[in-house]
1. Quick one: if you stick a label point 7 Å off each Cα along the C-beta vector at THR54 and ARG2, how many nm between them?
2. Per residue of the stretch 74-91, what does 6.51 cos²θ - 1.76 cosθ + 1.60 with θ = phi - 60° give for ³J(HN,Hα)? Whole Hz please, x for Gly and Pro, Karplus curve as stated.
3. Based on the Kirkwood radius over alpha-carbon pairs, what value in µm²/s does the Stokes-Einstein equation return for the translational diffusion coefficient of the chain at 25 °C and 0.890 mPa s?
4. If I stretch the segment between ALA175 and ALA154 completely, what's the gain in nm (0.36 nm per residue apart, minus their alpha carbon distance), one decimal?
5. Rounded, prolate or oblate: pick one for the stretch 88-214, where a ≥ b ≥ c are the square roots of the eigenvalues of its C-alpha gyration tensor, a/c under 1.5 means rounded, and failing that, prolate if a/b is larger than b/c, else oblate.
6. Nearest 20 debye, what's the magnitude of the dipole of the stretch 2-208 about its Cα centre given +1 on Lys and Arg Cβ and -1 on Asp and Glu Cβ?
7. Once you charge only the Cβ atoms, +1 for Lys and Arg and -1 for Asp and Glu, what is the size of the charge dipole of the stretch 13-111 about its Cα centre, to the nearest 20 debye?
8. On a full-extension model of 0.36 nm per residue, what is the gain between LEU164 and LEU27, subtracting their alpha-carbon distance, rounded to one decimal in nm?
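Read-outs throughout are calculated quantities, based only on the coordinates presented, and are distinct from any laboratory measurement. These numbers come from a predicted model, not from an experiment. Every residue, glycine among them, receives a Cβ derived from its backbone with ideal geometry; neighbour counts consider all protein chains shown.
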Amino acid sequence: MRIHRLGSYSWLLAAPLFLAANVISGLAWRHPPFSWAIHNISDLGNVTCGRWDTTRPREVCSPWHVAMNSAMIVTGVLLALGVLLTWSALGRGAATTATRLLALAGAGGYLLAGAYPADVNENNHFLAALLIFVLGNVGMIVAALARRSPVLGAMREDSLALGLTGLAGTVLFLAQVDLGIGVGGMERVAVFPLLAWTVVVAVRVMREAPGPRR
């Protein structure tokens, strides 16, 4: 169905958009230069320059914070559209429904993070992070249980691997354990699996969707 393909395209756009925003916004930093190992993703969206964070102090100055926050909001919109437009394509069952709702919560996290940068409203930004780190990653593990879904049932191993990776990254990030890739690097381990998962699901949905009539 056309609507399923539109949902898949939304998901396929979200991941590269967010990744590009991370890279391009980071390249704009000068003093200090941006480091994926040292700095959090949220640092790219901070609207002021200065020393930030009492638990892990670091210098933050993001000239293109407007672009980064806008990209986070658009990423959230695209992720939410992906869920809503592919709703019927994922099939039925309690696990499938729970997966959709948890993925929507993760999408809401991106919207909230972009709307409330960490140095503007830290409480709302922390809530946004929890939606992504916890509910988004748990959603992938729940997806591995969705046996009745023709799409999710075919990618159970992918869902489980990505979900566990994201949750492990979340636990280690919150514990400030970097395993040699920096705490900022560990945050990416927590965040990126959900985006990778949406790409895999999008490809599966497009394979299942019938082609246009001729």
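1. Between THR54 and ARG2, the simple spin-label model gives 5.6 nm.
2. Values, residue by residue: 5, 4, x, 5, 5, 5, 5, 4, x, 5, 5, 7, 9, 3, 6, 5, 7, x Hz.
3. 141 µm²/s
4. Taking 0.36 nm per residue and subtracting the Cα distance, the gain is 4.2 nm.
5. Prolate, since a/c reaches 1.5 and a/b exceeds b/c.
6. In debye, rounded to 20, the stretch 2-208 gives about 740.
7. 140 debye
8. On the way: separation 137, 0.36 × 137 = 49.32 nm, distance 3.06 nm.
Gain on extension, LEU164 to LEU27, equals 46.3 nm.
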